[in-house]
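Written out below as structure tokens is the structure these notes cover.
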Amino acid sequence: MSAHFIVKCIDCGHPTPFLPTQLICPKCGGTWKEAEYDYKHLAHSLPLSLPGRPFDLWRYRELLPIRSPNPALSLGEGGTPLIKATNLGMMLGCPNIFIKDERQGPTASFKDRQAAVTIAALKEAGISELVIASTGNVAISYSAYAARAGIKLYAFLTSLVPASKMREVALYGTQVIKVTGSYDQAKKVAEEFAKQKNIYRDPGAMNVPTIEAMKTVGFEIAEQLTGIMGPPFASNTQHPTAPWRAPDWYIQSVSGGPGPYGVMKGYEELLKLGMTSSLPKFGLIQSEGCAPMVHAWKQNKDTAIPIQSPRTLIATLATGDPGRTYTILSDRIKNSFGGTFEDVSDKEAFRTMHILAKMEGISVEPATGVAFAGLIKLIRAGVIKSDEIIVVNCTGHTMPIERNILGDRWARNVVLSSQTMEETPEEGLLSALSKVATDRFPRIAIIDDNADVRRLIRRILQSQGSYTIFEADNGRKGIDLVMREKPNLVILDLMMPELDGFAVMDALQNDPETADIPIIVVTAKELTTEEKKRLNGHIQTLMQKGDFMSDELMDEIRSLL
Ligand SMILES: *Cc1c(COP(=O)(O)O)cnc(C)c1O
Ligand SMILES: [Zn+2]
């Protein structure tokens, strides 16, 4: 079967047929090339071929560097859901945040796309042994696909990789070689080993199948967003209507950078094919202790200075030397896509993991915590606007949960003495349980007529600690509630029908039993000077609805309790 694509050297433009193991340009010796397809033909044929195909990675097979896809090698890669982050959106005041849930791939990371396409290409090329270096997830993914394809894999892992991940790699029959050193050192050792044994070493980021595989993340997002939000400019006949919608932002945490490189190429191709009419901006997030791309970006440089010894607990993101990938990414962000590089601390990442799990029911690995912490930072800085459509690449599971995420108070013990068990088992159990009753948690009353706002505040509270929460949906019930429950704090809305927040405040402060309970007022409207005067001295804090962040609210709450 003749190939439907060629590869071109990005330095001299020399075109060659694709041979996955031929890494060097025969003309100039360069090692970077990109696949090129017959876009003119595909612009007509692709929209006709897509309907009825399963929603998985092979849906876009004409745009992948595989001559004939082999279903026997597949593990169901691609086609992951795009999930709206409604609660996080409410918390951040950005209603259109979507999660591309790559956790739902065969080994729970978007490396499954890379592994599926690379292993398929190597199988087509007759490869039977393979060497890779990895910060963890690539090794897990490649191991699964190599096992399926009958390819023997040698994985060089930095000793930073958690032992549980190493064991998973070994489980698939991969030979694990633990390198006590950085990821960049592990790469060098792998290269040396491959040379000596004359085994093919997959170069990772700068590889055609990798970049081509990552494109499918971008394709799927465009198709899914269109399904959820409708085609762009649907009601505006002035603009040419492309069938698919690109998001305004694609957010990902980056290590070596093949993910965003591939997604960029995907969106460039969709534009060429006339499937979309815009490009997303890229928000690329690194961990503070290993952020060579962010440093270079902030100093306006087009090459990154390698970090010799990364200082991050997050092994997945510990690529100290991004090499040429940074130059390519930063050039495209500057000249066509738009966007930025940003860093966050490990601590922020761990905290965000916790928020995401409690607010959205999504448990991620620390590298994805970095992406979401970066999202929050960019929204706060005003770089991402509240009306923009944002997609975050969400990858990786948290099994087993690392201790430093939860701290040591994540469980409560119920200890039953054997005596009480024997005599009155129920009583013993009940009295033991009463010790973990919610009574000793700080008590907070939320008085607001809007159920969504009450739900949001409740979620923010629950995501950050243990509180006993009471709710009232109007002023009259609110006063009764406070009189009855004597909470430690009241969160009060001003605009409510019948008895408004001002009246509630007056009533509480005129009663000596409730006069000392601190009040946080949350309001949707700009207050007049007169209204501000009325509040003055009676409340502790005034917060604007819609743009309060959980941090601000929580800082206030903690300081008042
Ligand atoms: C690989 C990986 C990254 C980094 O992506 P690159 O495109 O390789 O830089 C981020 N998060 C997770 C969970 C990953 O597996
Ligand atoms: Zn060349």
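The values are calculated or read from the model by the stated rules, or taken from the named source; none is laboratory data. Source: prediction; values computed, not measured. Cβ coordinates were reconstructed from backbone atoms using ideal geometry, including for glycine residues, and neighbour counts include every protein chain displayed. These accessible areas exclude ligands, DNA and RNA; they are computed on the full protein's heavy atoms, side chains included. Shrake-Rupley method; radii C 1.70, N 1.55, O 1.52, S 1.80 Å.
Rolling a 1.4 Å probe over the protein heavy atoms of the chain, with every protein chain left in place, gives an accessible area that is 51 percent carbon and sulfur. Note on the chain: dipole from Cβ charges, positive end direction compared against V117, T368, S309; the farthest Cα belongs to V117. The GluC sites (Glu not before Pro) of the stretch 451-519 meeting both criteria, a DSSP state outside H, G, I, E and B (loop) and at most 10 other C-beta atoms within 10 angstrom of the site's C-beta, are E498, E513.
For the stretch 1-75 and the stretch 354-377, write down the distance between their C-alpha centroids in whole Å. Between the Cα centres of the stretch 1-75 and the stretch 354-377 lies a distance of 34 Å. Volume per residue of the convex hull around the Cα atoms, evaluated for the stretch 82-162, comes out as 113 Å³.
This model, with +1 at the C-beta of Lys and Arg and -1 at the C-beta of Asp and Glu, gives the chain a dipole about its Cα centre of some 2040 debye. Comparing Cα centroids, the stretch 269-312 and the stretch 207-231 end up 19 angstrom apart.
Remark: relative contact order (the stretch 440-561) = 24 percent; criterion is Cα-Cα distance under 8 angstrom and separation of 6 or more residues. Computed over all pairs of different Cα atoms, the Kirkwood value for the hydrodynamic radius of the chain is 26.2 Å. Just want to confirm a number: the relative contact order over the stretch 13-151, from Cα pairs under 8 angstrom separated by 6+ residues, in percent. Taking the mean separation of contacting Cα pairs over the length of the stretch 13-151, I get 21 percent. Taking 4.7 Å between beta carbons as the limit, the unpaired Cys residues of the chain are C94, C290, C394.
Principal axis extents of the C-alpha atoms in the stretch 116-181 (largest first, rounded to whole Å): 34, 19, 17. For the listed peptides 186-198, 88-100, a ranking on the average number of other beta carbons within 10 Å per residue, highest first, reads 88-100, 186-198.
Based on the Stokes-Einstein relation at 25 °C and a viscosity of 0.890 mPa s, and on the Kirkwood radius from alpha carbon pairs, the stretch 167-210 is assigned a translational diffusion coefficient of 206 µm²/s.
In the chain, helices alone account for a calculated mean residue ellipticity at 222 nm of -12500 deg cm²/dmol, with every DSSP H run of four or more residues adding -39,500 (n - 2.57). Looking at the chain, the accessible area is 44 square angstrom per residue; that uses a 1.4 Å probe and ignores ligands, DNA and RNA.
For the chain, list the DSSP H helices whose alpha carbon atoms reach 27 Å or more along the long axis and whose average Kyte-Doolittle value is -1.0 or above? In the chain, the long hydrophobic H runs are 208-229. A simple count of charges around S182, restricted to other residues whose Cβ falls under 15 Å of its Cβ and scoring Lys, Arg +1 and Asp, Glu -1, yields +1.
Among 447-460, 30-43, sorting by the average number of other beta carbon atoms lying within 10 angstrom of each residue, highest first, gives 447-460, 30-43. Contact order for the chain, expressed relative to its length and based on alpha carbon pairs under 8 Å spaced 6+ residues apart, stands at 11 percent.
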